[in-house]
1. Grab the other residues whose beta carbon is less than 13 angstrom from that of Asn50, score K and R as +1, D and E as -1, and report the net.
2. Report the equivalent ellipsoid semi-axes for segment 15-78 in whole Å, largest first, defined as the square roots of five times the eigenvalues of the gyration tensor built from alpha carbon atoms.
3. Which stretch or stretches of segment 67-94 have amide N atoms under 20 Å from the point lying 7 Å from Lys30's Cα along the Cα→Cβ direction?
4. If we count other beta carbons within 10 Å of each Cβ, what is the order of Trp80, Trp111, fewest first?
5. Run the quick spin-label model on Arg46 and Cys61: label points 7 Å from Cα toward the beta carbon, then report their separation in nm to one decimal.
6. For segment 1-120, with equal point scatterers placed on the C-alpha atoms only and solvent neglected, what are the log10 I(q)/I(0) values from the Debye formula at q = 0.23 1/Å, to two decimals?
7. If segment 70-126 were replaced by its equivalent ellipsoid, with semi-axes equal to the square roots of 5 times the Cα gyration tensor eigenvalues, what would those be, largest first, whole Å?
8. Which length gain, in nm to one decimal place, applies between Val23 and Ala75 when the Cα-Cα distance is subtracted from 0.36 nm times their residue separation?
Amino acid sequence: MSSAVFPLPPETVHCPKCDRDVVIATNLGKPGLETECSDSACPIARDPDNQPSGQDGTLICFAEADEISEEGRRARFAQWEKIGVDRIKHDLLNGGYQLVGGPTAVRNLAWTWVRQKEQEQLKPKPEDILLLKGSSWNLFQIVR
C-alpha cells in the first residue's frame, strides 16, 4: 500500500479588506503563489497558512466574478478619497445617487470603502500615542 498525499480541498474564506469571498486551493505541480488579487497588501495572500510549500503552489481566486474590475475599484477609491469619507457616507445614506452613482455594486463597494476608512480612523496614529514614564521620584516625563 503506497502512501499518497492528497491536496487539501479548496477553502472559501471572506476577505475583510475587499469584502469578497475568496477560494484558496492547492495549485498542483505549479510552485509559488498565484492570485487574482492585485493588492500587494492582500491579507489572504500574506497569511502564512496560505503560503505554498513543496512542489505544489497555492491558488487564490475570487469566488464570484466582480461586476467592477480591479482598475475600476482603484479609480473609484482614488476619486472617493478626494471627496472624503463624510461626504461619500452622507451621499450613501441619501441613496448614493449624487456622488457615488452607478449600479448597486458600486454603492456596495462605496459602503465597503467607507467602513474601511472608518476602521482606519479608529486606529491610533503613532503621533497620537502619549507615553508617560515614571521615575523613582514619581516624576513623569512625556515621551513622544
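Please treat every number below as a calculation from the coordinates, not as lab data. The structure displayed is predicted, hence computed values, not measured ones. Every residue, glycine as well, gets a Cβ built from its backbone with ideal geometry; the counts of neighbours run over all protein chains shown.
1. On the way: positive: Arg46; negative: Glu11, Glu34, Asp47, Asp49, Asp56.
Here the count lands on -4.
2. Numbers: eigenvalues 113, 27, 20 Å².
Ellipsoid semi-axes (Å, largest first): 24, 12, 10.
3. Answer for this model: 70.
4. Details: Trp80 21, Trp111 15.
So the ranking, lowest neighbour count to highest, is Trp111, Trp80.
5. In this crude label model, Arg46 to Cys61 measures out at 2.5 nm.
6. -1.29
7. Details: eigenvalues 77, 35, 18 Å².
For segment 70-126, the semi-axes come out at 20, 13, 10 Å.
8. Values: separation 52, 0.36 × 52 = 18.72 nm, distance 2.50 nm.
Here the segment from Val23 to Ala75 would lengthen by 16.2 nm.
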